[in-house]
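A short write-up of the structure that comes next.
Laboratory data are not the source of any read-out in this text; all were calculated from the coordinates shown. These figures come from a predicted structure and were not determined experimentally. Virtual Cβ from ideal backbone geometry, glycine too; neighbours counted across all protein chains shown.
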Amino acid sequence: MFTSNVETNMVNMDTNMVYKFKINGTQELKVSAGSKLRFNSVVENDMEGTISYGMYYKMISPSTLPSGVIIAQLSDDLTMLAKGQLEKDTQVTVPMVIKNASDSEITVEIGVRTGYATDSQGSDDIIYNEGEIPITSFQTSEEAGNDSCTSTMECTTDCSSKQVNGKWMEVCYCYTGNDGSEPTRTSREMLEYLGLSANSETPNFGSAATTNEGVYSAQDDYGTTYYFRGAVENNYVYFAGFYWRIISINGDGSIRMIYDGASAHANGQSSTDRQISTSAFNYTYEDNAYVGYMMGIDNQCTSGSCSGSTKTTSYNHAHANTYSSTVKTVVDNWYKTNIQDAGYSDKVADVIYCNDRQIDNLSGYGTALGYGINQTGYMARYRLYTNKSPVLTCNQKNDAFTVSDITNGNGALTYPVGLVTADEVEMAGTNWDSSNSSFYLYTGQQYWTMSPFNFLGTMGTLAYDFFVQSNGRISISVVNDTLGVRPVFSLKSDVTLSGSGSCQD
């Protein structure tokens, strides 16, 4: 499984990295004021003979070395020097540190100059360009700060090769500081970071995925997203004292996960502890408003009939995000206690959780006004019941629930957490027509999704939302039914994970 590292009492630093240079490679590094950067420079000889090499720094901003800045190699092992000779197809690792005790951020170019070694041409004879200063200073680990992940061996599983401005380098992310300084990853970089690859085709959503189909790509509101499908076994995460299953890598590189209990459960296992509790979606069902994760009128009447309660008089009135649903209150209270108050909220991304209340005008619902007791279908009904065409985009900003992000979302949430959508469930491996006890979202229990289905006005004034049946099939239920609750949230794209993602790891 991937285990998220949550660090406390960290040293003051930007990040730990490994930079790997072939012949005459360079890398620009930014180090903020009052910070340290620990990294390993790996010099590799891919030439046909023995080379001499020498590492250097060059100040980019400011143009000269400020007072209080030290650029040095670590002196713990003097067999790994910033200058020397390398035979063909060999490499040397040079642990280094940049300490910036000045008042301003600095930008430094670190590089290596090389030449073929002869009896008369050694590392002391290397010619540097203007502004390139050979690295000759030394620091002990104690002077540099005893930080985690200083050896190359600890970092090798997190490496990726990159071409930057025509220059080859290999970067290994090893450490995340409290300041969130580790570079964020794109969705593609996160896929590679987790050691995964995506299928190139689109699966058949008309059939259940009972085997391990792996990872597929689609589009969400942030870009290209990668989602797990079928009986996958490498999407377990242990975080905040609980087990989670990765649903997808969001288009912004964050990792979308669903609650899976206090212990790890294999695919096909039925277990009640994979939900935090049971709850109605809303106590009330006699208005279109109550398909909503939030709504324009209060739903806190006593459980059961709410006859005589106020009815909404317009679409905007029904679907205003003024009052929390019953299930949202349950999810928020759990998140506050188990994530925020427990000190884990800095790892959680503010991304969209979609309560798609777009009206379905494609399925014969007539005017379908979406308020009061007007009979109305919602678009997830058309996509999943009629057309078998799930999506991961949220078509209306008012339905795209976020906390602070008002560019992509509605900014209506108190906490960055929601529920799985019915579209996500179908993409994970089941549908309206098929039961499936093999795919990773099966729990043997009934639990809510976040997706509205319809409101039956003249046929009983009942609000319906999608849920997952105990046999793994997508179905619908009146919103005041009591079903399981499984929170969904997303880890930030700069999170550090370890392991293979398997249940046994």
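Using the Cβ-Cβ distance between Thr386 and Ala266 with R0 set to 41 Å, the FRET efficiency works out to roughly 0.75. At an R0 of 60 angstrom, the distance between the Cβ atoms of Glu109 and Ser475 translates into a FRET efficiency of 0.50.
With each label modelled as a point 7 angstrom along the Cα→C-beta vector, the Ser435-Lys397 pair spans 4.5 nm. The Cβ shell under 14 Å around Tyr382 holds other residues with a net charge of 0, Lys and Arg each +1, Asp and Glu each -1. The modelled label-to-label distance between Leu65 and Ser32, using points 7 Å beyond Cα along the C-beta direction, is 2.5 nm.
Quick one: which of Lys30/Lys88; Lys36/Lys88; Lys311/Lys397 span more than 26 angstrom between C-alpha atoms? Long pairs (Cα-Cα over 26 Å): Lys30/Lys88; Lys36/Lys88. Packing here is the average count of other Cβ atoms within 10 Å per residue, and on that basis the peptides 415-421, 34-40, 120-126, highest first, run 415-421, 34-40, 120-126.
Electrostatic tally near Asp423: other residues with Cβ closer than 12 Å to its Cβ, Lys and Arg +1, Asp and Glu -1, net -1. Measuring between their Cα centroids, the range 319-361 and the range 366-395 lie 21 Å from each other.
Among 60-67, 344-351, what's the highest-first ranking by average C-beta atoms within 10 angstrom per residue?
Listed from highest to lowest mean packing, they are 344-351, 60-67.
Extension gain, Thr414 to Ala101: 0.36 nm times the residue separation minus the Cα-Cα distance gives 108.8 nm. Each other residue within a Cβ distance under 11 Å of Asp360 adds +1 if Lys or Arg and -1 if Asp or Glu, for a net charge of +2. Enumerate the residues in the range 26-46 having an amide nitrogen under 18 Å from the point lying 7 Å beyond the Cα of Tyr116 toward its Cβ. Within reach of a label on Tyr116: 45-46.
Once the Cα gyration tensor of the range 336-485 is found, what semi-axes does its equivalent ellipsoid get, as square roots of 5 times the eigenvalues, in whole Å, sorted largest first? Write out the running numbers ahead of the final one.
Details: eigenvalues 133, 84, 42 Å².
Those come to 26, 20, 14 Å.
Taken one residue at a time, the phi angles of the range 287-292 give Karplus couplings (6.51, -1.76, 1.60, θ = phi - 60°) of 7, 4, 4, 7, 6, x Hz. Gly and Pro are set to x.
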